[in-house]
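The values are calculated or read from the model by the stated rules, or taken from the named source; none is laboratory data. All figures in this text were calculated on a predicted structure; none of them were measured in a lab. Note that each Cβ is placed from the backbone with ideal geometry, even for glycine, and that neighbours are counted across all protein chains shown. Remember, those area values only see protein heavy atoms, side chains included, never the ligands or the DNA or RNA. Shrake-Rupley method; radii C 1.70, N 1.55, O 1.52, S 1.80 Å.
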Amino acid sequence: MSGPTRAIHSLAAPPRPPAPATVRPSLQRTAAAASSLHESSKPQPTPPDLIPRRAALLALVLVASPARPASAAFSFSIPGPKELLREQKKKSASYLLAPIAASRDTLVKAQALLASPNASAGDAEEVRGRIGAAGRDCVERQRNSIVAFQSRTGVEAFTFSLILRNAASLLADKDPLKVEADTRLGELIQSFTDLGTVVESSNFELPDDRKKMMDGLGSTISAIDKFEQSVKDCLGI
């Protein structure tokens with residue numbers, strides 16, 4: 001090799017080593033933010049002094065209160081179907097007792113006709129009609145054909161009996177209140193039957209017969225009062 005060529009080759013700079021890789025500042029900041037977010041997402045223990053006071057008081061109340069089944073919590077606040085029906089019957093008691101009051105009023109008017117000194121023979125038919133209306137078909141022989149037919153076919157059409165059945169529907173058959181009411185109903189039917197017999201066999205113009213009818217009316221009114229009270233007892237009013 002010639003001299004000039006060797007000189008040029010010896011003066012050439014040696015090759016540089018590759019520069020180390022550098023991380024851009026923006027990438028460094030992104031990595032640091034991600035690391036911080038990861039650390040903050042970890043569940044941190046709550047210091048005892050940060051527990052709300054209300055929660056602590058509630059915990060004490062629950063511990064101090066005796067355990068009670070869920071059914072007991074509702075048994076005093078939500079009435080059952082039977083209690084609701086009983087309250088409904090009480091609210092409608094005036095309608096249920098209205099026929100009894102009307103029958104008593106009719107008998108009292110018949111009694112006033114008999115006691116009047118100006119009563120005439122024509123008033124006798126009115127008295128008989130009022131007594132029959134007050135009985136509300138409780139006397140079997142005085143029932144009209146429709147009521148008699150219904151009775152023979154097993155359909156209860158006797159008003160006082162229907163009233164008692166409604167009033168005592170929530171009571172057992174052997175309940176003392178129902179037993180007492182059944183007894184009062186029987187006495188009322190018998191009283192109307194006896195009164196009807198007296199009226200049919202009496203002469204309105206005879207003082208003694210008039211007195212018998214007055215006594216019969218008084219007994220029947222008393223029987224109505226007792227029956228009405230027994231119905232109220234069944235209703236709980």
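Couple of notes before you dig in:
- Residue 148 fulfils the conditions (1) in a loop (DSSP other than H, G, I, E, B); (2) at pLDDT below 90; (3) not aromatic (Phe, Trp, Tyr) except for a single criterion, (1).
- Members of segment 162-186 found to be buried (at least 18 other Cβ atoms within 10 Å of the Cβ) and more than 25 Å from the chain's Cα centre (by Cα), listed by number: 184, 185
- Test result for residue 173, in a helix (DSSP H, G or I) and of a type in the set (Asp, Glu): no
- Screening segment 123-145 for residues that are within 36 Å of the chain's Cα centre (by Cα) and aliphatic (A, V, I, L, M) and picking the one that is modelled with the highest pLDDT gives 134.
- Residues (in contact (Cβ under 8 Å) with a residue 60 or more places away in the chain, open to solvent by 40 Å² or more (accessible area, probe 1.4 Å) and within 33 Å of the chain's Cα centre (by Cα)) located in segment 90-122: 90, 101, 104
- Test result for residue 73, at pLDDT 65 or above, open to solvent by less than 70 Å² (accessible area, probe 1.4 Å) and either under 30 Å from residue 234 (Cα atoms) or in contact with a Leu (Cβ under 8 Å, 6 or more places away or on another chain) (or both): no
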